[in-house]
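The values are calculated or read from the model by the stated rules, or taken from the named source; none is laboratory data. It should be emphasised that the depicted structure is a prediction, and the values quoted were computed from it without experimental measurement. Don't worry about glycine lacking a Cβ; one is built from the backbone with ideal geometry, like all the others, and counts go over all protein chains shown.
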Amino acid sequence: MKAIKSVVTLKEKIKKSPEQKKPFVSIVVPAYNEASIVEKNLGEICEYMKTLENEYRWELIFVDDGSTDGTGEIAEAFARKRENVHILHHIFNFRMGQALRFAFNNLKGDYVVTLDMDLSYSPDHIERMLKKIRETRAKIVIASPYMKGGKVSNVSWIRKVLSAGANRFLSLSAKGKISTVTGMVRTYDRRFLKMLDLRAMDTDINQETIYKAQLLGARIEEIPAHLDWGSKSDGAKRRRSSIRILKSIFSCLFGGFVFRPGTFLMLPGFFLVLLSFYPLTWALIHTVNFYKKVPPSVGFFDLRLSEAIAGAFRLSPHSFIIGGFTLMLGIQLVSLGILALQNKRYFEDLFHLSTMIQRNNQENNK
């Protein structure tokens, strides 16, 4: 039976047409309340993909993430005229992470390209990312405006500073090899993407994919990209930054903690321990000086020491309070850092095990 099955499989491969041998690309575009640009920008993506049809087969997966302005209806009307454009709908706005995972479970491409609906990264990035992932055999390729050769245009200065700073911080947390950790415009190897078991609900899915890919030792590459919030406006007002500052700061800090929890806790802990030495040293000096002044008639060593400590505290209470509080906080942070390192190692072992099981299941189901 195995021999017959092998012969059948071989015949099926031989019968494949040149068209079927082309790599299949799935373009994923999530959107929420983008009625004013959805038809135009989807058309622009499709027109661009037509220029790549000599090299790739493709489909476009559009996810209407609970829009209330008619975005879904406009996208449906657009898709009726095109067989390779598919529209997925969320009844409610579940945010980016859930929208992307919804699309990832309903596509069939060999490569998966994720794009922003506003086309702040122009469609020509698609071909360059696909070329890079095929040449380098990478599992993820990121369009990076913050690497050498990248560019940012028409972005408010506060958004630009915040985004660049966040990516720099996360880059250092992620071993410093990736310039743009938060960017959504990427190309994935689909088989690898299925193994990641993504859980994030919002934009932190971009950080999650990098973190889990690094755990598996996957190759991650970048291409220089141009992030432009003004090129698609057609005379309209430039897009305003909708970022929420406090939320972004929290997301950035949490991302750094995910990448390196031990370092994130232990470095401040060691710093506080060292900082506590200064006031505690003065507290010790005052205690020694008072001990010398305590007459032997007070009693034994412990009584004289208690009297000296009491005198030193009356003279400089802040040395004891600040020094003791800082030392205690530093020790707690170091201890939490050690526990976080242990938990991270346990998670990595479990993640590797579950990935291996999933890979074996995929191979057995072929």
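See the values below:
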| item | result |
| --- | --- |
| Number of the condition not met by ALA166 [criteria: (1) at positive phi; (2) in contact with a Cys (Cβ under 6 Å, 6 or more places away or on another chain)] | (1) |
| Residue match in region 85-92 (condition: of a type in the set (Phe, Trp, Tyr) and within 18 Å of VAL25 (Cα to Cα)) | no |
| Count of residues meeting criterion [surrounded by fewer than 21 Cβ atoms within 10 Å (Cβ to Cβ), part of a loop (DSSP other than H, G, I, E, B) and aliphatic (A, V, I, L, M)] in region 204-229 | 2 |
| Residue check for MET201: surrounded by fewer than 17 Cβ atoms within 10 Å (Cβ to Cβ) and touching a helix residue (DSSP H, G or I) at 6+ places or on another chain (Cβ under 6 Å) | yes |
| Contacts under 8 angstrom Cβ, first residue in region 281-300 being at pLDDT 85 or above, partner not in a helix (DSSP H, G or I), 6 or more apart | TRP282/SER316; ALA283/SER316; HIS286/SER316 |
| Test for SER144: is it among the small types (Gly, Ala, Ser), assigned by TED's automatic domain parsing to the domain that holds LYS131 and at pLDDT 90 or above | yes |
| Residue within region 182-192 that is in a helix (DSSP H, G or I) and touching a Cys at 6+ places or on another chain (Cβ under 7 Å) present | no |
| Filtered residue count, region 80-105, keeping only those that are touching a residue at least 24 places away in the same chain (Cβ under 8 Å), more than 21 Å from ASP204 (Cα to Cα) and either among the polar types (S, T, N, Q) or part of a loop (DSSP other than H, G, I, E, B) (or both) | 3 |
| Sole exception among (1) crowded, with 20+ Cβ neighbours inside 10 Å; (2) in contact with a helix residue (DSSP H, G or I) (Cβ under 7 Å, 6 or more places away or on another chain) for PHE169, by number | (1) |
| Residue in region 297-312 that is exposed (fewer than 13 other Cβ atoms within 10 Å of the Cβ), among the hydrophobic types (A, V, I, L, M, F, W, C) and part of a loop (DSSP other than H, G, I, E, B) present | yes |
| In region 109-129, residue surrounded by the most Cβ atoms within 10 Å (Cβ to Cβ) [restricted to those that are aliphatic (A, V, I, L, M) and part of a loop (DSSP other than H, G, I, E, B)] | LEU115 |
| Residue list for region 130-157, restricted to those being touching a residue at least 40 places away in the same chain (Cβ under 8 Å) and part of a loop (DSSP other than H, G, I, E, B) | ARG137, ALA138, LYS139, PRO145, MET147, LYS148, GLY149, GLY150, ASN154, VAL155, SER156 |
